[in-house]
1. Taking the conditions exactly as written (exposed (fewer than 14 other Cβ atoms within 10 Å of the Cβ) and either assigned to a loop (DSSP other than H, G, I, E, B) or modelled with pLDDT of 95 or more (or both)), does ASN107 satisfy them or not?
2. Only one of VAL48, VAL79, VAL18 is hydrophobic (A, V, I, L, M, F, W, C) and at pLDDT 90 or above; which?
3. Take the conditions touching a residue at least 12 places away in the same chain (Cβ under 8 Å), assigned to a helix (DSSP H, G or I) and surrounded by fewer than 19 Cβ atoms within 10 Å (Cβ to Cβ) and apply them to ALA118. Does it pass?
4. If only one of ALA99, ALA88, ALA80 is assigned to a helix (DSSP H, G or I), under 14 Å from the mean Cα position of the chain (by Cα) and either without any contact (Cβ under 8 Å) to a residue 12 or more places away in the chain or over 17 Å from LYS9 (Cβ atoms) (or both), which one is it?
5. Can ARG66 be described as among the charged types (D, E, K, R) and touching a residue at least 12 places away in the same chain (Cβ under 8 Å)?
6. Could you please give the count of residues in segment 23-39 that are exposed (fewer than 15 other Cβ atoms within 10 Å of the Cβ) and of a type in the set (Lys, Arg)?
7. Is it true that some residue in segment 13-31 is farther than 25 Å from GLU104 by Cα and part of a helix (DSSP H, G or I)?
8. Quick check on GLN141: is it in contact with a Phe, Trp or Tyr (Cβ under 9 Å, 6 or more places away or on another chain), in a helix (DSSP H, G or I) and more than 15 Å from VAL18 (Cβ to Cβ)?
Amino acid sequence: MTNAIRIIKQQHRAAASVLFAVRAISRKALHSGNPPDFRWLRTLLNYVDRFPERLHQPNEDAFLFRVLLRREPGMARVVARLRRDHAANTGYAIRLHEALADWERGNPNAGPHSVHVANDFARFVWRHGRFEQRELLPAAQAALSDAEWREVERAFTATGDPLAGSSSRQQCAAALKRFVQPYTA
C-alpha cells in the first residue's frame, strides 16, 4: 500500500514540477526579451499530455476512485471534485499549447499570456495533488484491501513515468531526454 501511495505522490510531484519548469522558462524568456526554447517547452508539454493526462488520471479513475467509491460511498463528493479537476486539467493543457504556439508564431501578446496560463496551470496541478493527498489517499489507505493496493501499485508502476522517481534536476533532464528520443529520431 505505501509503495502505491509513494508512486502516486511522485507522479503528482513530477507533473507539477514539469509545469513549474514551463512557467520558469516562459518567465525567464519574457523578462529577457528573448524567445524561449519552444522545442523544449513542447517536450515538457508532451510529457504532461502523455503521463498525467493519458495514464495517471485514467489509472486513478479505474483503480483508485472506482474501488474507493464502492467501499466508501461518502467519498463521492471528493471523487467528483477530483474528476472535475481532471477535466479542467485538459482545458489548461489545451490553453497552454495554444498560447505557446501563438508566442512561437510571433504574436507580441502571447508571451505574457503564456506565462499567465503556465502559472495558473502549475498552481492548479499543485493544488489538485495536495487536495488528493490530503482528502482521498488517507480514506483509500483505510478502505482498500492489500490486494486492491497491489492492483493500484501495478497500474501506476506500469505507466513507466520517466520522471516519477527523479530526485534531482539532472535526473529529470536525463529522463526527459530519454522520453523525447523516440519522437526526435
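The values are calculated or read from the model by the stated rules, or taken from the named source; none is laboratory data. Given the structure is predicted, the values throughout are model-derived calculations rather than measurements. Counting neighbours? That spans all protein chains shown, and the Cβs are built from the backbone with ideal geometry, glycine included.
1. yes
2. None of the other options fit; the residue is VAL79.
3. Against the criterion (touching a residue at least 12 places away in the same chain (Cβ under 8 Å), assigned to a helix (DSSP H, G or I) and surrounded by fewer than 19 Cβ atoms within 10 Å (Cβ to Cβ)), ALA118 does not qualify.
4. Checking each option against the conditions leaves just ALA88.
5. When the stated conditions are applied, ARG66 does not pass them.
6. 2
7. There is at least one residue in segment 13-31 that is farther than 25 Å from GLU104 by Cα and part of a helix (DSSP H, G or I).
8. Here the answer is yes, as GLN141 does meet what is asked.
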